[in-house]
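Participant: Supplied in structure tokens, the structure appears directly below.
Readers should treat all values here as calculations from the given coordinates under stated rules, not as data from a laboratory. Since we're looking at a predicted model, the values are computed, not measured. Note that each Cβ is placed from the backbone with ideal geometry, even for glycine, and that neighbours are counted across all protein chains shown.
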Amino acid sequence: MDFMKMMKAAKELQSKMGDLQEEMSAVEAEGTSGGGLVTVRVNGKQELLGVKIDTSLMNPDETEILEDLIVAAHADAKTKVDAAVQEKTQELMSGLGLPPGMIPPGMPGM
């Protein structure tokens, strides 16, 4: 790939990064734990959007279990949203034809 093509691809990437970041905020994933007793939703920016807890877990003597289930559900949601972000990023990168190693630092999903 010649230098001019690489520069053009880099400029194209830069212009699309804003669009990608906007798309990422619209990506949502739901994670569950405890057989569905705890559910959390996160977006592509890793922001927690919601938490649902089954009332059967509302036992003051089992607070630690509930806390662990919330953390596990969040980890599940984060894994799913990370996969979605990675997929969208790969779609963008494949369309630009950049050689390996030309992905800018801080690119979502990298």
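Participant: So, in segment 19-57, how many residues would count as being out of contact with any Leu (no Cβ under 8 Å at 6 or more places or on another chain) and without any contact (Cβ under 8 Å) to a residue 24 or more places away in the chain? Working first, answer last.
Facilitator: Step one: list which residues in segment 19-57 are out of contact with any Leu (no Cβ under 8 Å at 6 or more places or on another chain), which gives 19, 21-27, 29-32, 35-36, 39, 44-52, 55.
Next, only the ones that are without any contact (Cβ under 8 Å) to a residue 24 or more places away in the chain stay: 19, 22, 25-26, 35-36, 45, 47, 49-52, 55.
Qualifying residue count for the region: 13.
Participant: I'd like to know if segment 55-62 contains one or more residues that are of a type outside the set (Gly, Ala, Ser), touching a strand residue (DSSP E or B) at 6+ places or on another chain (Cβ under 6 Å) and not in a helix (DSSP H, G or I).
Facilitator: Going through segment 55-62, the residues of a type outside the set (Gly, Ala, Ser) turn out to be 55, 57-62.
When the remaining residues are screened for being touching a strand residue (DSSP E or B) at 6+ places or on another chain (Cβ under 6 Å), the result is none.
No; the residues of segment 55-62 include none that is of a type outside the set (Gly, Ala, Ser), touching a strand residue (DSSP E or B) at 6+ places or on another chain (Cβ under 6 Å) and not in a helix (DSSP H, G or I).
Participant: Yes or no: segment 60-72 includes at least one residue that is among the small types (Gly, Ala, Ser), more than 20 Å from Ser94 (Cβ to Cβ), in contact (Cβ under 8 Å) with a residue 24 or more places away in the chain and touching an Asp or Glu at 6+ places or on another chain (Cβ under 7 Å).
Facilitator: Step one: of segment 60-72, the residues among the small types (Gly, Ala, Ser) are 72.
Filter again for more than 20 Å from Ser94 (Cβ to Cβ), leaving 72.
Next, only the ones that are in contact (Cβ under 8 Å) with a residue 24 or more places away in the chain stay: 72.
After this cut, where a residue has to be touching an Asp or Glu at 6+ places or on another chain (Cβ under 7 Å) as well, the list is none.
Checked segment 60-72: no residue is among the small types (Gly, Ala, Ser), more than 20 Å from Ser94 (Cβ to Cβ), in contact (Cβ under 8 Å) with a residue 24 or more places away in the chain and touching an Asp or Glu at 6+ places or on another chain (Cβ under 7 Å).
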